[in-house]
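The values are calculated or read from the model by the stated rules, or taken from the named source; none is laboratory data. Source: prediction; values computed, not measured. All Cβ positions, even for glycine, are placed from backbone atoms using ideal geometry, and neighbour counts span all protein chains on display. Areas reflect the complete protein model, heavy atoms only, side chains present, ligands, DNA and RNA absent. Shrake-Rupley method; radii C 1.70, N 1.55, O 1.52, S 1.80 Å.
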Amino acid sequence: MINLTLLKQDLRSLCKMLIIFAAVLAMYFGTVIYMYEPELNRSLMDMAKTMPAMMGAFGMGGSYTTLTGFLSTYLYGFLMVIIPLIFVIMAATRLVVSHTDRGSMAQLLAAPVTRSSLMLTQAAGLLISTVALIGIAAGSGILYSMIMFPGRLDMREYLFLNLGLLALQYAVAGLCFLSSCIFSETKNSLILSAGIPLLAYLIKMLANMGGDLGRLKYFTYYSLYDTSGIINDEHSAGMKLLVLFAAGCVFFLLAIKIFCRRDLHI
């Protein structure tokens, strides 16, 4: 069972960081949506033609003319992946391994709550804050679109785009949470929780450059978040998101199981 008192405390501890990250994403949404203006849009497309490999590496090699497709290219290919990723890494570290590292985990375990309940609560705090971050950012995108380009945003495609992003970040959150439950020191935890996602994204960037490097897409889980497939309503894109969701479930369950069996020296 989730401990509501502890959950409220977790959410309060993440609130300031959540506001900062949400404000940054909202700012980028406003900037990118403004750039959908035809003249600026043509300039971006010309830039993509002159530097296809570089733009493709950052997931900005598409040539969509709809507002939703434009956002999937210039926001959901890079910024909406990397910025929430950084938040997830920091939040997972703060909720678990930092307590063990500082010795404050003893206070949490001294409370009348089981280890499994404690970890379920910490996991809930991580997931709620992540959903809130993406929800606020996506909401700002809808608001900006209504103000600047009313009626141009395809809500169905846009919502599925964000649902896919949630599945991706859910899997990443599970991996980061698992790392925090395995290690007792923050620096060791970050090797796994930050190293693997960043390496996986680097591989994705190389794969996006095309050519022989395109084969690298089979070696990174970021390829499972297929924004173009979502925009084009491809069945395979939905199946890939189910794989991400399943991976997240496995990571979280494994993390809780490992933490409950650990011999903590605190």
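Among residues other than LEU18 whose Cβ falls under 13 Å from its Cβ, what is the net charge (Lys/Arg +1, Asp/Glu -1)? Each step should come with its number before you reach the end.
Values: positive: ARG12, LYS16, ARG94; negative: ASP10.
Its environment carries a net charge of +2.
Arrange the residues LEU216, LEU165, LEU254, LEU159 by how much accessible surface each exposes, largest first, with a 1.4 angstrom probe. Provide the component values of the computation, followed by the final result.
Numbers: LEU216 50, LEU165 0, LEU254 75, LEU159 100 Å².
Listed by decreasing accessible area, they come as LEU159, LEU254, LEU216, LEU165.
Let me know the whole percent of all Cα-Cα pairs from region 202-247 that are separated by more than 17 Å.
Numbers: 390 of 1035 pairs.
Of all Cα-Cα distances in region 202-247, 38 percent exceed 17 Å.
Across the chain, how many lysine pairs separated by 8 or more positions, or lying on different chains, have Cα atoms within less than 27 Å?
Number of lysine pairs found: 12.
Accessible surface of ASP233 in the full protein assembly, 1.4 angstrom probe, to the nearest 10 Å²?
The value for ASP233 is about 100 Å².
Which helices count as membrane-span-like in the chain under these terms: full DSSP H, at least 30 Å along the axis by C-alpha, Kyte-Doolittle mean of 0.0 or more?
Qualifying helices, which must be both long enough and hydrophobic enough, are 4-34, 115-148, 155-182, 235-261.
In bins 5 Å wide, starting from 0, what share of all Cα pairs of the chain does each bin hold, as a percent?
Pairs per bin, as whole percents: 1, 6, 12, 16, 18, 15, 12, 9, 6, 4, 2, 1, 0.
With 10 Å bins from zero, work out the P(r) of region 120-266 over every alpha carbon pair and list the percent per bin.
11, 32, 33, 19, 5, 1
For region 134-195, what is one quarter of the convex hull surface built on the Cα atoms, given in nm²? Present the calculation step by step, with values, prior to reporting the outcome.
Details: hull surface 20.9 nm².
Across all orientations, region 134-195 yields a mean hull projection of 5.2 nm².
I'd like the accessible area for VAL250, computed on protein heavy atoms only with a 1.4 Å probe and all protein chains in place. Round to 10 Å², please.
Estimated to the nearest 10 Å², VAL250 gives 90 Å².
For region 180-266, max minus min Cα coordinate along each principal axis, in Å, sorted largest first?
Result, largest extent first: 51, 25, 16 Å.
Please build a GNM for the chain, connecting alpha carbons under 10 Å apart, and tell me which residue among LEU95, LEU109, LEU244 fluctuates the most.
Highest fluctuation among the options: LEU109.
Please report how far the C-alpha centroid of region 197-217 lies from that of region 108-159, rounded to the nearest whole angstrom.
Cα centroid of region 197-217 versus Cα centroid of region 108-159: 28 Å apart.
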